[in-house]
There are 2 protein chains.
Amino acid sequence: MVCSTETAQERIVAVAQRLFAQHGFDGVSINDIAAAAGVSKANVFHHAASKAELYDRVLQEACAVFTEGYERLAALPGDFRQRLVALIEWHARHLREQPQAARLVLRELTAWSEKPVQGPADRCIGANLLRVQRLLEADGIATRPTIDAAFVTRVLLAVSWFRFQTQHLEARVQSRRVRLRDREFAEQLADLLLHGMLRAD
Amino acid sequence: MVCSTETAQERIVAVAQRLFAQHGFDGVSINDIAAAAGVSKANVFHHAASKAELYDRVLQEACAVFTEGYERLAALPGDFRQRLVALIEWHARHLREQPQAARLVLRELTAWSEKPVQGPADRCIGANLLRVQRLLEADGIATRPTIDAAFVTRVLLAVSWFRFQTQHLEARVQSRRVRLRDREFAEQLADLLLHGMLRAD
DNA sequence: ATGCGTACTGACCGATCGGTCAGTGGCTGC
DNA sequence: GCAGCCACTGACCGATCGGTCAGTACGCAT
């Protein structure tokens with residue numbers, strides 16, 4: 001038995017979360033989880049009805065963790081630019097601090113299978129999109145009439161997410177400026193979103 | 001035997017590409033592929049050394065298809081805005097027309113496993129990033145000094161990719177403006193990237 | 001002491017996994 | 001006619017899959 005202060009159930013769930021996040025549902029066997037948690041395979045089924053139930057529970061938990069952060073995200077101090085930078089930076093840090101939850105949720109997006117049903121991850125992402133969108137809209141800043149807050153929200157989250165998923169590539173990339181810390185990344189993205197690329201004419 | 005004009009080998013590879021793109025390496029068994037291709041399991045191993053070799057071949061092919069499009073992408077007519085719109089629209093269409101190749105490549109991004117090795121998908125994406133970046137840089141347009149072409153490239157591809165991966169969610173989304181056709185999407189993104197959100201002051 | 005619930009295990013189940021192999025039928029060159 | 005190659009198959013392999021079950025050890029209320 002692996003010595004640990006956690007209970008067996010806590011270890012099982014924690015290990016399942018880690019392994020499912022890394023390798024996906026089909027890439028992890030109950031044997032893997034049991035071995036990594038230091039318990040017998042039968043014990044995993046003592047604490048979980050089935051592999052699917054365990055995965056669902058882990059995914060729901062990840063969604064909750066992921067969403068909880070967004071709920072705490074409220075009005076921030078400063079002008080619009082400062083609030084936007086803070087939002088982007090917070091999001092980058094959120095992804096970095098909850099990589100497993102993020103991967104579990106985002107993995108579901110890739111796992112497309114023509115299913116019309118909307119999984120918890122879909123609902124989670126949709127809700128968070130809306131929450132950030134509301135935050136942007138509530139700011140009531142004077143934007144150009146062609147600008148849609150929903151669209152900007154998607155751009156914002158897409159870029160943060162892309163950065164999170166490709167961080168292992170960035171180490172080899174030529175341009176030094178893409179290898180930014182969260183703050184610098186947030187400032188650069190906010191600058192681009194606010195003022196665009198072009199020189200003012 | 002399923003009647004088809006294709007050879008068995010072509011059917012096997014085509015089916016493998018479709019299934020691997022949909023469900024990932026671990027989510028597809030050789031039995032699935034054999035059944036869907038209308039051949040015996042042994043025949044799959046007659047045309048492929050192993051499951052991993054078959055997956056690698058399919059992935060390489062997907063990378064080639066995916067990259068080939070980028071290589072054909074050269075200087076486009078029109079001013080900078082028109083070229084940018086055309087680039088984004090082309091990318092959206094590229095993803096839409098090669099969904100399986102796109103999914104195979106992008107799935108590899110999510111399949112993070114601390115591996116230091118750089119897979120073909122990583123190289124493919126890195127090369128395409130660079131190609132688009134060169135295209136943007138070569139335009140020689142007068143951008144603001146804080147703007148980095150590499151960063152804009154990532155924003156551009158990230159948003160297109162995010163849109164591709166979340167398209168199944170968009171049907172239920174409230175705002176009508178995110179459900180755009182490729183052209184409108186490209187124009188909206190180009191407008192945001194070029195001029196930013198803020199009203200000119 | 002005894003009864004009971006809870007945590008946990010090793011042994012086991014049928015199914016399926018990736019992969020092998022001997023063999024078959026058809027086409028080609030000689 | 002026949003040897004040789006090639007596409008292809010059914011049967012089979014050991015390993016592993018998700019899952020079950022009888023049984024054990026322990027804490028706790030009575």
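Summary of values
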item	result
Single match in A:Arg83, A:Arg107 (criterion: more than 16 Å from DNA strand C (Cβ to nearest atom) and under 29 Å from B:Ala101 (Cα atoms))	A:Arg107
Residues satisfying the stated conditions in the range A:44-56, i.e. in contact with a helix residue (DSSP H, G or I) (Cβ under 7 Å, 6 or more places away or on another chain), away from every other protein chain (no Cβ under 14 Å) and away from DNA strand C (no atom under 13 Å from the Cβ)	A:Leu54
Contacts under 6 angstrom Cβ, first residue in the range B:36-62 being closer than 11 Å to B:Val13 by Cα and touching a residue at least 24 places away in the same chain (Cβ under 8 Å), partner outside any helix (DSSP H, G or I) and within 11 Å of DNA strand C (Cβ to nearest atom), 6 or more apart	B:Leu54/B:Ala48; B:Tyr55/B:Phe25
Counted residues, the range A:40-61 - those being surrounded by 15 or more Cβ atoms within 10 Å (Cβ to Cβ) and either over 14 Å from the mean Cα position of the chain (by Cα) or within 12 Å of DNA strand D (Cβ to nearest atom) (or both)	11
Residue under evaluation A:Ala64, criteria (1) surrounded by 15 or more Cβ atoms within 10 Å (Cβ to Cβ); (2) more than 12 Å from DNA strand D (Cβ to nearest atom), criterion not met	(1)
Matching option when the condition is away from DNA strand D (no atom under 11 Å from the Cβ) and either more than 22 Å from the chain's Cα centre (by Cα) or more than 27 Å from A:Val132 (Cβ to Cβ) (or both), among A:Ala37, A:Ala21	A:Ala37
Residue within the range B:68-76 that is closer than 17 Å to B:Arg107 by Cβ and away from DNA strand D (no atom under 16 Å from the Cβ) present	no
The one condition in (1) more than 9 Å from chain A (Cβ to nearest Cβ); (2) under 13 Å from the mean Cα position of the chain (by Cα); (3) touching a residue at least 40 places away in the same chain (Cβ under 8 Å) that B:Glu68 fails to fulfil	(3)
Within the range A:100-115, tally of residues that are at the interface with chain B (Cβ under 9 Å from one of its Cβ atoms) and either assigned to a helix (DSSP H, G or I) or surrounded by fewer than 16 Cβ atoms within 10 Å (Cβ to Cβ) (or both)	8
Residue that is farthest from B:Ala16 (Cα to Cα), among those in the range B:40-95 that are hydroxyl-bearing (Ser, Thr, Tyr) and assigned to a helix (DSSP H, G or I)	B:Tyr70
Residue count for the range B:137-152, restricted to those that are within 9 Å of chain A (Cβ to nearest Cβ) and either touching a residue at least 12 places away in the same chain (Cβ under 8 Å) or within 23 Å of B:Arg57 (Cα to Cα) (or both)	4
Residue under evaluation B:Ala34, criteria (1) more than 30 Å from B:Asp139 (Cβ to Cβ); (2) surrounded by 14 or more Cβ atoms within 10 Å (Cβ to Cβ); (3) more than 12 Å from DNA strand C (Cβ to nearest atom), criterion not met	(3)
Identity of the residue in the range A:77-91, within 14 Å of another protein chain (Cβ to nearest Cβ), in contact (Cβ under 8 Å) with a residue 24 or more places away in the chain and among the charged types (D, E, K, R), that ends up farthest from DNA strand D (Cβ to nearest atom)	A:Arg81
Matching residues, the range B:111-156, being closer than 23 Å to A:Ala102 by Cβ and in contact with a Phe, Trp or Tyr (Cβ under 7 Å, 6 or more places away or on another chain)	B:Arg154
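Conditions tested, residue by residue: (1) touching a Pro at 6+ places or on another chain (Cβ under 8 Å); (2) aliphatic (A, V, I, L, M); (3) within 11 Å of DNA strand C (Cβ to nearest atom); (4) within 14 Å of chain A (Cβ to nearest Cβ).
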| position | (1), (2), (3), (4) |
| --- | --- |
| B:Ala14 | no, yes, no, no |
| B:Leu19 | no, yes, yes, yes |
| B:Val28 | no, yes, yes, yes |
| B:Val39 | no, yes, no, no |
| B:Ala42 | no, yes, yes, no |
| B:Leu73 | no, yes, no, no |
| B:Arg93 | no, no, no, no |
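Throughout, read-outs are computed from the coordinates displayed, never taken from laboratory work. On a predicted model such as this, the values are computed, not experimentally measured, just so you know. Quick reminder, even Gly has a Cβ in these numbers, built from the backbone with ideal geometry, and neighbours come from all protein chains shown.
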